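Worksheet: one structure, shown below.
The values are calculated or read from the model by the stated rules, or taken from the named source; none is laboratory data. It should be emphasised that the depicted structure is a prediction, and the values quoted were computed from it without experimental measurement. Quick reminder, even Gly has a Cβ in these numbers, built from the backbone with ideal geometry, and neighbours come from all protein chains shown. The accessibility values were calculated without ligands, DNA or RNA, using every heavy atom of the protein model including side chains. Shrake-Rupley method; radii C 1.70, N 1.55, O 1.52, S 1.80 Å.
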Number of protein chains: 2
Amino acid sequence: MTRPLSALRADLAGIGLADDKATVKLKSRDFFWFSPILKPLLDDKRAELVALPRSKDEVIRIAAAAARHRVALTVRGGGTGNYGQAVPLAGGVLLDMGGLDRTVAVRAGAARCEAGARFLDIDRRLRDDVGSRWELRFHPSTRKQATIGGFVAGGAAGCGSCTWGQISDPGAVIAVEVVTVEERPRTLALAGRDVLKVLHAYGVNGIITEVEISLAPWQPWAERVLAFPSLATATRFGWALTAAEGIAKKEVAVFDAGIPRLLKRLAPLVPTGQAMAIVMVAEAQAAALAEMAADHGGSVVYARPAAAAEDAAFDGKGAMPPLYEYTWNHTTLHALKVEPSITYLQIRFPPGREVELVDKIERALAGEMLLHLEFQRRFGRVFVSGLPLLRYRSPERLDQVIAMVEGMGGAVSNPHSYVLDDAGWKRTDAPQAEFKTLADPFGLMNPGKLRAWPPKPAG
Amino acid sequence: MTRPLSALRADLAGIGLADDKATVKLKSRDFFWFSPILKPLLDDKRAELVALPRSKDEVIRIAAAAARHRVALTVRGGGTGNYGQAVPLAGGVLLDMGGLDRTVAVRAGAARCEAGARFLDIDRRLRDDVGSRWELRFHPSTRKQATIGGFVAGGAAGCGSCTWGQISDPGAVIAVEVVTVEERPRTLALAGRDVLKVLHAYGVNGIITEVEISLAPWQPWAERVLAFPSLATATRFGWALTAAEGIAKKEVAVFDAGIPRLLKRLAPLVPTGQAMAIVMVAEAQAAALAEMAADHGGSVVYARPAAAAEDAAFDGKGAMPPLYEYTWNHTTLHALKVEPSITYLQIRFPPGREVELVDKIERALAGEMLLHLEFQRRFGRVFVSGLPLLRYRSPERLDQVIAMVEGMGGAVSNPHSYVLDDAGWKRTDAPQAEFKTLADPFGLMNPGKLRAWPPKPAG
């Protein structure tokens, strides 16, 4: 242990700490190993010490000690990111926020939670509060593990985005509380548009301790798996469903015919050669959904009523996991357990030309790329993004495939990078950068995630 | 009284009937007098007898008697339509459905109501049911008076359409029960897409007795009035708010600077020369709304929290009526009480060119047309429709104005006609026509509302 770290440790008496190999390894990792590019780069990165605070006071003491002793500080929630957001590149302290998991306050339409509260736990508390039928607007497929603070710092969209957009949209996050990493840490309250200063910033500019977030009124979400004669028909259906204001929905995902066999319990449901959709709609509109699917040549191959779906999600009841555990990044997770060579990409489809690009990709990359589409609403329209499975060959081929997809009109956001500049911090006038100078004046937070810090002076 | 009517009357012993002049006049009218064209055409139209059934059995007896004696039958709900939908053109029986007003069944996300149930009463029951926090997805500005059956038969959109689309969208109406006008009436159940057979059909093809409708989960709806430097900035704000998935909303309306002074209690709130917006948003996103308004140069000039807004709507508390009573067709109602020469139009704005058309209309028809825009979501996008106030001069000038607006790119749906063919029954393959041959074989229902019935045989 380095000298500064020993000194820091002495300042943290009474706070949960761990430096055993197993804990340090576990807490130094996220799901970066989805990427064959990131895996060798991040596999051996370790913090030196894991801090496990249980209160905001303890977080403040840790921040103060890191600043005083100039020790690197990397914050993590559930560790469910895919880009190495939570992997400490320069050792130091790994700050696990999981112990700060209280729901601080609930009002109609909004909840204030500590950063380490997990999605499923928050929803469970909201459900079990007498008289409250609210739920989080979105959650990643890792609803059980992911924390609200981690999602705000390193996530974007998820189940629910087909109705509610993304976490960075106006009204989604109401307020955030941030502790600065200074010798005398300050607790800052960011509200309204100011929350953008720390959104999707990978925890490089302050420790998020509380999040106040807008809730959705709960609806009874029925689950359906549907089969379609082709990916094009399934895509048209997904678009039509997402566009249908009259059908309340929480999830719309569409999959290439090659994917169901990679998804364990879903494999036997979908006839070979058929494309698949997974949807969650309000029970009262399930019949309208089935009519819409039939219009596109589709049929329901699995139906679970809302009450049973909720039992599966909250209590693990039934043989079938909640269907959202086959969507978003869980699709990739299941598939690479079956075929270890599989990785993924992130593609934004051009509005109005989604099916055209689907067709082009299907033809050009048959057998190599299996499309998985997630349907969202954003900016007042339907928005299709892809998380396609890719049978990985080499870094060169990956670059080639990305170039091909971009040549065909898709916008690729490369998930095979841990650098924040590549993933949403592209604008040099972004508010996050300015806030870093204020909240992390010594540049200790999650070092290595920004390509150049401090930024060179202009001119 | 005609001979068939006397015979019919004899068949209806025990059913509430009225033929006094005042009741007959009251029940033979709707809000057609908004239109200076319709006013002289419909002003003296009267039924001969008003039937006031209290149960479905009574409705069936009335239908049977009308068929047996070949007496014209016109169905009405609250009589809040603007096109003379409920005005009997050929005398006969006026069937007032207001006595069938029970809520038959409520489940999570759907309610089944008798046709004569009024919007506010349904919402009140949903609210006061223990544990239920659901509400109707949309209501017209005449929430107090309008009935669910009347809305299905003669309405389309309303407050709530900025989130939920329109009544004809898939999933909005789950099922409808219809009694046929035959000597032995049948009770038909229409579900799913089949409900389109009787939607917006002005009651010419069967008596709607029950409606099962999807509900929205309630949210605490805060009310705001906002002032903007120009109609263009207010329009851009309205579009941006309607496009914002993260801000839950129930109403978005925008008004020319000349309108507030016509709206009684709103007049003192808005500075002279400023355009106005009326919005209802979820309380938790009210701050995000204010930020968005400021982006467009707007400011909040009136704010009422959700609880007080609900008290105003349900219990008439406070000096300010619910703000939705200044939107949709209520805008026209208030304005023509101040300026009797005022009437209105209905304009669909071309997507993506809304502000352009607003500017053109403002320039070309300054002082004659005062724009009032209602923002909706439909078909996966923002959809702007106008219910502009028009200072009426003559039928010729009205046609000229319609032609001008269409020449500038607006699609005008002429509200100055009581003919169904002009208002949504334009397609000869519409399912309503076929259903009429089945549900009203003698052609007795609401006669005169179809330009030609029975239709000429093809070829």
- request: From the list A:Arg118, A:Arg68, pick out the single residue that is open to solvent by 10 Å² or more (accessible area, probe 1.4 Å), closer than 23 Å to A:Asp311 by Cα and away from every other protein chain (no Cβ under 13 Å).
  value: A:Arg118
- request: Just need a number here: residues in region B:292-313 that are buried (at least 16 other Cβ atoms within 10 Å of the Cβ) and out of contact with any strand residue (DSSP E or B) (no Cβ under 7 Å at 6 or more places or on another chain).
  value: 4
task: With the condition kept exactly as written, say whether any residue in region A:215-222 is more than 14 Å from chain B (Cβ to nearest Cβ) and either farther than 19 Å from A:Ala312 by Cα or buried (at least 20 other Cβ atoms within 10 Å of the Cβ) (or both).
output: no
- request: Being in contact with a strand residue (DSSP E or B) (Cβ under 8 Å, 6 or more places away or on another chain) and charged (D, E, K, R) is the filter; apply it to region A:72-120 and report the residue that is nearest to A:Phe32 (Cα to Cα).
  value: A:Arg76
message: Is it the case, given these coordinates, that A:Ala286 is open to solvent by less than 40 Å² (accessible area, probe 1.4 Å), free of Cβ contacts under 8 Å to residues at least 40 places away in the same chain and touching a Lys or Arg at 6+ places or on another chain (Cβ under 8 Å)?
response: no
- prompt: Which members of region A:81-99 meet the condition of being crowded, with 24+ Cβ neighbours inside 10 Å and within 30 Å of A:Arg133 (Cβ to Cβ)?
  reply: A:Met97
statement: Filtering region A:332-388 down to residues that are among the hydroxyl-bearing types (Ser, Thr, Tyr) and over 18 Å from A:Val412 (Cα atoms) yields A:Ser341
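Per-residue answers, yes or no, for (1) out of contact with any Pro (no Cβ under 9 Å at 6 or more places or on another chain); (2) in contact (Cβ under 8 Å) with a residue 12 or more places away in the chain; (3) in a loop (DSSP other than H, G, I, E, B):
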site	(1), (2), (3)
B:Ala22	yes, no, no
B:Lys25	yes, yes, no
B:Arg29	yes, yes, yes
B:Trp33	yes, no, no
B:Lys39	yes, no, no
B:Asp44	yes, no, yes
B:Ala47	no, yes, yes
B:Glu58	yes, yes, no
B:Thr74	no, yes, no
query: For B:Val176, which of the numbered conditions (1) aliphatic (A, V, I, L, M); (2) within 13 Å of chain A (Cβ to nearest Cβ); (3) within 26 Å of A:Ala293 (Cβ to Cβ) fails to hold?
result: (2)
query: So B:Thr272 clears everything in (1) touching a residue at least 24 places away in the same chain (Cβ under 8 Å); (2) among the polar types (S, T, N, Q); (3) surrounded by fewer than 22 Cβ atoms within 10 Å (Cβ to Cβ) except one condition, right? Which one?
result: (1)
message: Suppose we keep only residues that are more than 21 Å from B:Arg378 (Cβ to Cβ) and assigned to a loop (DSSP other than H, G, I, E, B) within region B:164-191. Which one would you say is most open to solvent (accessible area, probe 1.4 Å)?
response: B:Arg184
query: Can you name the strands (runs of 3 or more DSSP E) wholly within region B:345-435 that have at least 2 residues being more than 27 Å from B:Lys249 (Cβ to Cβ) and either in contact with a Pro (Cβ under 7 Å, 6 or more places away or on another chain) or at pLDDT 95 or above (or both)?
result: B:389-391
